[in-house]
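Novice: Take this structure first; my questions come after.
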Amino acid sequence: MTQSHPPRQQRADSVAAPRRFPLRESVIFLALLAAVLVVYAAMGSAYGTRMLVEAACYAILALGLTIQWGYAGQFNAGVMGFVALGGFCAMFFSIPVNEAFWSSELPGELGLALLYMVAAIVLVVAVSRLDRIGVPKPLRTFITVVLGVVLYMAVISNFREVAGQIESRVDFIGGLALPAWFGWIIGGALAGGVGYFIGHVCLGLRSDYLAIATIGIAEIIKAFLKNADWLTRGTATVSPLPWPVPGPGDVGFTLARALYLSVTAVIIAAIFFLLHRAYNAPWGRMIRAIRDNEVSAAAMGKDINKRRLEIFVLGCILMGIGGAVLASFNSLFDPQGYLPLNHTFLVLVMVILGGPGNNLGTIFGAVVVYIIWLMSEPLALFLMQLAVDIGSATFGWDAPTNLDSRALQARVFVIGLLISLVLRFAPKGMLPEKVRHHG
């Protein structure tokens, strides 16, 4: 009896098809390179390098958002808060030590006030669990609320007194004079810790309610940093922040910014490599399965809440690192400068343009959107001035006196127009997520 062999066509089909040449990606990135070169030619190398560094910082933020929204479908509208936490850590751990503060009795008083605060929190949490030893729940709730209010009034009164002494005697507590990169790491860890707490509370909400909750939390973080003058100097700002590379005073603006750009490029390359490996690993496939069909994933025994919390914390860590790197580059920490438009909506536009869930597309979207955001103001000013000159010469128009402010607002219009066009003609982004079907 002769042995049957599979048909030749079937054997050919089992061979993996060769990968196509990425023509679309090549054309898009060549166009981006041309735009960058135009900016360098028009604005100079120092300006162009600064633009690329800031775009790289925003790319880190966008990667944090794309793994939350693109990988897991979590709409985080509070990016600004995590960026501010990263900026705070970059400031606190890198600026010089305030000797006047540490040589006084104020550190002991501050530590004692913080200890009272921690003890009050522990006591309230313990009282909130009295129902476990048989106390009726209505009575437990009443005791917890009353005790919480009383302890809050006592602790906050003592803390305000200590904070007032710090502000009047030594301005603020100062920093720790550690390397800038150390503050970046702690910034990511702090943002991740806050994200872990937020995730435990909010990830059970629907996506629209999660967005509302994260907006409120971001505003709370900003309000705390802005009003904690003893810690951040509030609206007085803190500057300059040291760089992890030689600064402009040592090697000049262009070279210093180029060195900083190399640092951000290494960070992005490391993040991209790790995310690419995770995306194509079983963990990444599980995250996408939860995003696409949560009920089916749960039926297969997946721990939905744990995985959603993991991805939310990971995204927050990247946002904290990006915020720290951006604050160090700007060499300024200004809590009032963190705005939802600049540090949440703009990042969202970057992810939408590049393609949610596509890491390479997200980096592309970050650079493109930031170039448009930065260059739309001088371009709008040029066009407005040209229109004024033509109108004055031809019709005798009077030139308006506020062209600069009008040109500044033009970039908001341009970004709004951009997002409308993308949602209309490329709703999945310029580089959509590539979904591989197995089986």
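Novice: Restricting to the stretch 166-210, give me the number of residues that are more than 19 Å from GLY64 (Cα to Cα), without any contact (Cβ under 8 Å) to a residue 40 or more places away in the chain and part of a helix (DSSP H, G or I).
Specialist: Matching residues across the stretch 166-210 total 3.
Novice: Moving on to the next point. When the residues of the stretch 182-200 are narrowed to those that are under 19 Å from PRO242 (Cβ atoms) and among the β-branched types (Val, Ile, Thr), which ends up surrounded by the fewest Cβ atoms within 10 Å (Cβ to Cβ)?
Specialist: Among residues in the stretch 182-200 that are under 19 Å from PRO242 (Cβ atoms) and among the β-branched types (Val, Ile, Thr), the one surrounded by the fewest Cβ atoms within 10 Å (Cβ to Cβ) is ILE185.
Novice: Within the stretch 265-359, which helices (runs of 4 or more DSSP H) (wholly inside it) include 3 or more residues that are without any contact (Cβ under 8 Å) to a residue 12 or more places away in the chain and open to solvent by 30 Å² or more (accessible area, probe 1.4 Å)?
Specialist: 282-292, 294-299
Novice: While we're here: For the structure I just gave you, tell me whether ILE185 is under 30 Å from ALA72 (Cα atoms) and either at pLDDT 95 or above or in contact with a strand residue (DSSP E or B) (Cβ under 9 Å, 6 or more places away or on another chain) (or both).
Specialist: Considered against the rule, which asks whether it is under 30 Å from ALA72 (Cα atoms) and either at pLDDT 95 or above or in contact with a strand residue (DSSP E or B) (Cβ under 9 Å, 6 or more places away or on another chain) (or both), ILE185 comes out as yes.
Novice: Which of (1) buried (at least 16 other Cβ atoms within 10 Å of the Cβ); (2) in contact (Cβ under 8 Å) with a residue 40 or more places away in the chain; (3) part of a loop (DSSP other than H, G, I, E, B) does PRO240 not meet, given it meets every other one?
Specialist: (1)
Novice: Within the stretch 365-381, can one find any residue that is in a loop (DSSP other than H, G, I, E, B) and not assigned by the TED database to the domain that holds GLY73?
Specialist: no
Novice: Another question, if that's okay. Pull up the stretch 1-40, narrow it to residues that are over 16 Å from LEU360 (Cα atoms) and among the β-branched types (Val, Ile, Thr), then point me to the one that is modelled with the lowest pLDDT.
Specialist: Ranking the qualifying residues of the stretch 1-40, first place goes to VAL15.
Novice: Looking at the stretch 139-155, is at least one residue outside any helix (DSSP H, G or I) and either open to solvent by 60 Å² or more (accessible area, probe 1.4 Å) or touching a residue at least 24 places away in the same chain (Cβ under 8 Å) (or both)?
Specialist: no
Novice: What number of residues within the stretch 246-264 satisfy the criterion of being closer than 24 Å to ILE60 by Cα and open to solvent by 30 Å² or more (accessible area, probe 1.4 Å)?
Specialist: Qualifying residue count for the region: 11.
The values are calculated or read from the model by the stated rules, or taken from the named source; none is laboratory data. Here the structure is a predicted model, which is why all the values come from computation and not from measurement. For neighbour counting, all protein chains shown are included, and Cβ atoms are generated from backbone atoms with ideal geometry for every residue, glycine included. Accessible surface is based on the protein model in full, side chains and every heavy atom, while ligands, DNA and RNA are left aside. Shrake-Rupley method; radii C 1.70, N 1.55, O 1.52, S 1.80 Å.
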